[in-house]
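Only one structure is covered here, and it is reproduced in the block below.
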């Protein structure tokens, strides 16, 4: 799609002026190390910024360089990622960094970055523009929303990328891309945009909330688990490597139907992708244990626990 030259210039000026003045002070802002940028971008996918801030710092303290992460075991990487969810991101990061270490250099273009395992177009363009100044635009959910409202059109995936590239300020591609994402995250909100605070409101075709598409109803389900303890140890099972969701992660054993007739020691809610779960946790017996492993409480942080298991163990004060 072709945007008016004057419109593009005004958009760039107003957006970047606002970003320079109002951007959030986040630990990855101003970062030029492509490794650190890659870590932040993968963490930020489908995870709230407030959660990522703390975990980003901790992760980089444990794995400060490409070499350190490349040499680490998958189990230690997943343990460091535990609680962030969507663990495929951690596996992709680990695989990509191992390839970078093997090649002896970090790819400097989005085209090269997309050759790394698990790195898609968005991540590649983000790292290339922020880390290397390549004039390539990024498109994520926030940017799509800004573009839809700005153009007043229901854009296709291809048109989103074309519009983002046309608007891009080639002299400051990294800042511009971060400004677009910041605008979507802080001002051009999904439900009720803060149009009175928008730096490009006078250029926007919509100037308000777009028609919202009907959301798919979330599924409901109940899961029951056993909490089995002995001598400051807790019994855990490892998920099968063939599972598509959280393979090889550690969790509490599932309770059988017979166990669920007793009163649970803990009830909580937990959401994964499109399902909201009611979680029941029952005290378990040390007898007739299924396949699994006794884990000392002071060793729990070293294991890649599922997010739900981590939440349960924190609620019962077995994990800090």
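The values are calculated or read from the model by the stated rules, or taken from the named source; none is laboratory data. Only a predicted model underlies this, so the values are computations on that prediction, with no experimental measurement involved. With ideal geometry, Cβ positions are generated from the backbone for all residues, glycine too; neighbour counts draw on all protein chains shown.
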Can you name the condition, by its number, that residue 93 falls short on among (1) modelled with pLDDT of 95 or more; (2) farther than 16 Å from residue 59 by Cβ?
(2)
So residue 203, is it closer than 20 Å to residue 306 by Cβ, in contact with a helix residue (DSSP H, G or I) (Cβ under 8 Å, 6 or more places away or on another chain) and at pLDDT 90 or above
no
Inside the range 102-128, can you point out the residues that are under 19 Å from the mean Cα position of the chain (by Cα), within 17 Å of residue 33 (Cβ to Cβ) and in contact (Cβ under 8 Å) with a residue 24 or more places away in the chain?
119, 123, 126, 127
Name the residue that is farthest from residue 138 (Cα to Cα), counting only residues in the range 28-52 that are surrounded by fewer than 16 Cβ atoms within 10 Å (Cβ to Cβ) and more than 10 Å from the chain's Cα centre (by Cα).
50
Candidate set: the range 18-27, residues that are in a loop (DSSP other than H, G, I, E, B) and touching a residue at least 60 places away in the same chain (Cβ under 8 Å); chosen: the one surrounded by the most Cβ atoms within 10 Å (Cβ to Cβ):
23
So residue 84, is it surrounded by 14 or more Cβ atoms within 10 Å (Cβ to Cβ), over 20 Å from residue 184 (Cβ atoms) and at pLDDT below 95:
yes
Selection within the range 78-101 - free of Cβ contacts under 8 Å to residues at least 24 places away in the same chain and over 14 Å from residue 38 (Cα atoms):
80
Failed condition for residue 188, given (1) part of a loop (DSSP other than H, G, I, E, B); (2) not assigned by TED's automatic domain parsing to the domain that holds residue 16:
(2)
Go through the range 116-173 and tell me which helices (runs of 4 or more DSSP H), entirely inside it, have 2 or more residues that are closer than 30 Å to residue 102 by Cβ.
121-132
Residue tally, condition at pLDDT below 95 and within 10 Å of residue 130 (Cβ to Cβ), over the range 32-47:
1
Against the condition under 30 Å from residue 151 (Cβ atoms), at pLDDT below 95 and in a helix (DSSP H, G or I), how does residue 15 come out, does it pass?
no
Out of 101, 124, sole residue that is buried (at least 23 other Cβ atoms within 10 Å of the Cβ), out of contact with any strand residue (DSSP E or B) (no Cβ under 8 Å at 6 or more places or on another chain) and over 21 Å from residue 55 (Cβ atoms)
124
